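The values are calculated or read from the model by the stated rules, or taken from the named source; none is laboratory data. Values in this document were obtained by computation on a predicted structure and should not be read as measured data. Please note: Cβ atoms are built from the backbone with ideal geometry, for glycine as well, and neighbour counts cover all protein chains shown.
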């Protein structure tokens, strides 16, 4: 009895946008126009692609965006000056800074110059503490929020479920684990040093693949009736296309539901970003 | 083939003290005497008991201690003034503030007035971010550190092991989960909303009981050959004595090794505290 279902991201993003649009309207009634500042160093194609998506969505939602683009030859101090100016700018509610930064930069230092309440993609120590403790100011990384919102959109119960997260990065594995804990799931965190990973993933109700290795999890990692959220976005040289961390082949009839790559989690992240910018603006009115 | 073994805490604390003593000696050669400040509001018996233990251990190790005792009728501002003065006092390296504070206080606000680098028991946002991300300044709660140090002392492998933590509090469940992840364990976090908890704890190599309920985990939660770390310290009205979160009855021959209560994890916490104070002092010399 397997009704495999593709958990497409676009419909989730559209539903999030509808709610965000209402919130933007309410802010504008109060004379507040939510604004996102994008900070980018250089012209990395994947940054540009994400930026185009963010600009389009913010435009649609009535969220202002200002771009701060620095040359690859800029100094760390120049970048930090930009961040400080955005911290001080009361018209800016959220800041998205693309990473990785040039290798000569101390990324940890730069990230932590941003104030947590404008940290809409969860890159600061303040956001880390917020994600971990649910106290203080900050936001989870947009991708982590997208995972939860996809499940909620498709009315998939989380409370009491066994969730196995494969990956322990600060970008996705750890924050999404904390979000699942907040939702009362029982959470197992696996990683490269995990033994018998197949047995562990097979025992889950929900598997989150966030290990960043192209098609690492094949059908041997899964049992029937599972929900699979594939956070991986990897370019397969062999297949000449984007693939997830899950190998879709031989998965026929196994999962109840699975997010496609592309078109799954990645399609929800800019909607999550817009939501966070609006939340940051709302926080000013409280 | 069950050789049940009591993982007693005192021997672990003694071994930690030996190393700490050497480090204190090196600091003193540099003219630095590590100092702990204890902040206590009121005369709670369990605080006083812990304080006596901390004083005795610090005295033995050559760590100075100064006490700041406020009356239960003190104001939140008075308490915060004490914390600020300790932040500014260069001779003080670590601060231990007893909690819970009087109910009229905003504990979260008070805790976060302490600077993270002196936060030797992990109560600030900075320490939370440090525990979660391994970046920045701060310390884990002493109890969480004690769990790991007990396992290391008894040469129990952690890397690759399945660890099930029962409890998700900021005092023990979450931080100890993060420490186990750092040690390359595969970590499952259970809590009051977990379903089929017995099946989950039975599948673990190491179970950490930190749910704060007297003898909540009985023999049905365990299988053979497990390591059990009991973090609970509860007073049993029925038994008129301190008991852990694990019910020792019927456990005969089940666990390979288990920490007793009292005399297990609780016996290591002040040694952990002394270690943290010395680390905080060492950080000044780097």
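May I ask you to verify whether residue A:71 is within 20 Å of residue A:83 (Cα to Cα) and exposed (fewer than 15 other Cβ atoms within 10 Å of the Cβ)? I'd like the intermediate steps shown before the answer.
Values: within 20 Å of residue A:83 (Cα to Cα): yes; exposed (fewer than 15 other Cβ atoms within 10 Å of the Cβ): yes.
For residue A:71, the condition - within 20 Å of residue A:83 (Cα to Cα) and exposed (fewer than 15 other Cβ atoms within 10 Å of the Cβ) - is met.
Restricting attention to the range A:155-163, does a residue exist that is closer than 20 Å to residue A:257 by Cα, part of a helix (DSSP H, G or I) and at pLDDT 95 or above?
Filtering the range A:155-163 down to residues closer than 20 Å to residue A:257 by Cα leaves A:155-163.
Right, trim to part of a helix (DSSP H, G or I) and you get none.
No, there is no match, as no residue in the range A:155-163 is closer than 20 Å to residue A:257 by Cα, part of a helix (DSSP H, G or I) and at pLDDT 95 or above.
Look at residue B:137 and say whether it is in a helix (DSSP H, G or I), farther than 30 Å from residue A:204 by Cβ and within 14 Å of chain A (Cβ to nearest Cβ). Show your work before the answer.
Details: in a helix (DSSP H, G or I): no; farther than 30 Å from residue A:204 by Cβ: yes; within 14 Å of chain A (Cβ to nearest Cβ): yes.
Spelling it out, it is not the case that residue B:137 is in a helix (DSSP H, G or I), farther than 30 Å from residue A:204 by Cβ and within 14 Å of chain A (Cβ to nearest Cβ).
Quickly run through the range B:104-118 and pick out the residues that are closer than 28 Å to residue B:12 by Cα and within 12 Å of chain A (Cβ to nearest Cβ).
Taking the range B:104-118 as the starting set, the residues that turn out to be closer than 28 Å to residue B:12 by Cα are B:116-118.
Residue satisfying the conditions is B:116 alone.
If I ask for residues that are crowded, with 21+ Cβ neighbours inside 10 Å and away from chain A (no Cβ under 11 Å), which ones from the range B:150-166 would you list?
Answer for the range B:150-166, where residues must be crowded, with 21+ Cβ neighbours inside 10 Å and away from chain A (no Cβ under 11 Å): B:150, B:151.
Which condition number does residue A:91 fail, the rest of (1) within 18 Å of residue A:279 (Cβ to Cβ); (2) within 22 Å of the chain's Cα centre (by Cα) being met?
In the conditions (1) within 18 Å of residue A:279 (Cβ to Cβ); (2) within 22 Å of the chain's Cα centre (by Cα), residue A:91 misses (2) alone.
Taking residue B:170, is it in a loop (DSSP other than H, G, I, E, B), under 27 Å from residue B:13 (Cβ atoms) and touching a residue at least 40 places away in the same chain (Cβ under 8 Å)?
Working: in a loop (DSSP other than H, G, I, E, B): yes; under 27 Å from residue B:13 (Cβ atoms): yes; touching a residue at least 40 places away in the same chain (Cβ under 8 Å): yes.
Against the criterion (in a loop (DSSP other than H, G, I, E, B), under 27 Å from residue B:13 (Cβ atoms) and touching a residue at least 40 places away in the same chain (Cβ under 8 Å)), residue B:170 qualifies.
Looking at the range A:94-117, which of its residues are exposed (fewer than 13 other Cβ atoms within 10 Å of the Cβ), without any contact (Cβ under 8 Å) to a residue 12 or more places away in the chain and either under 22 Å from the mean Cα position of the chain (by Cα) or outside the structural domain of residue A:56 (by TED's automatic domain parsing) (or both)? I'd like the intermediate steps shown before the answer.
First pass over the range A:94-117, keeping only residues exposed (fewer than 13 other Cβ atoms within 10 Å of the Cβ): A:100, A:103-104, A:106, A:109.
Narrowing further to those that are without any contact (Cβ under 8 Å) to a residue 12 or more places away in the chain: A:100, A:103.
The answer is A:100, and nothing else.
Taking the range B:190-228 only, how many residues are over 10 Å from residue B:166 (Cβ atoms) and not in a loop (DSSP other than H, G, I, E, B)?
Result for the range B:190-228: 8.
Being crowded, with 20+ Cβ neighbours inside 10 Å, away from chain B (no Cβ under 14 Å) and without any contact (Cβ under 8 Å) to a residue 60 or more places away in the chain is true for just one of A:230, A:245, A:237, A:218. Which residue is that? Can you show your working first?
Details: A:245 fails: without any contact (Cβ under 8 Å) to a residue 60 or more places away in the chain; A:237 fails: crowded, with 20+ Cβ neighbours inside 10 Å; A:218 fails: crowded, with 20+ Cβ neighbours inside 10 Å.
So the residue among A:230, A:245, A:237, A:218 that is crowded, with 20+ Cβ neighbours inside 10 Å, away from chain B (no Cβ under 14 Å) and without any contact (Cβ under 8 Å) to a residue 60 or more places away in the chain is A:230.
Let me confirm something: among A:114, A:86, which residue is in contact with a helix residue (DSSP H, G or I) (Cβ under 8 Å, 6 or more places away or on another chain), at pLDDT 95 or above, in a helix (DSSP H, G or I) and on the phi < 0 side of the Ramachandran plot?
Details: A:114 fails: in a helix (DSSP H, G or I).
None of the other options fit; the residue is A:86.
Taking the range A:177-215 only, how many residues are under 22 Å from residue B:194 (Cβ atoms), free of Cβ contacts under 8 Å to residues at least 40 places away in the same chain and either more than 8 Å from chain B (Cβ to nearest Cβ) or in contact with a strand residue (DSSP E or B) (Cβ under 9 Å, 6 or more places away or on another chain) (or both)?
Selection size over the range A:177-215: 18.
When you go through A:99, A:52 one by one, which is the residue that is more than 12 Å from every other protein chain (Cβ to nearest Cβ) and part of a helix (DSSP H, G or I)?
Details: A:99 fails: part of a helix (DSSP H, G or I).
Within the list A:99, A:52, the selection yields A:52.
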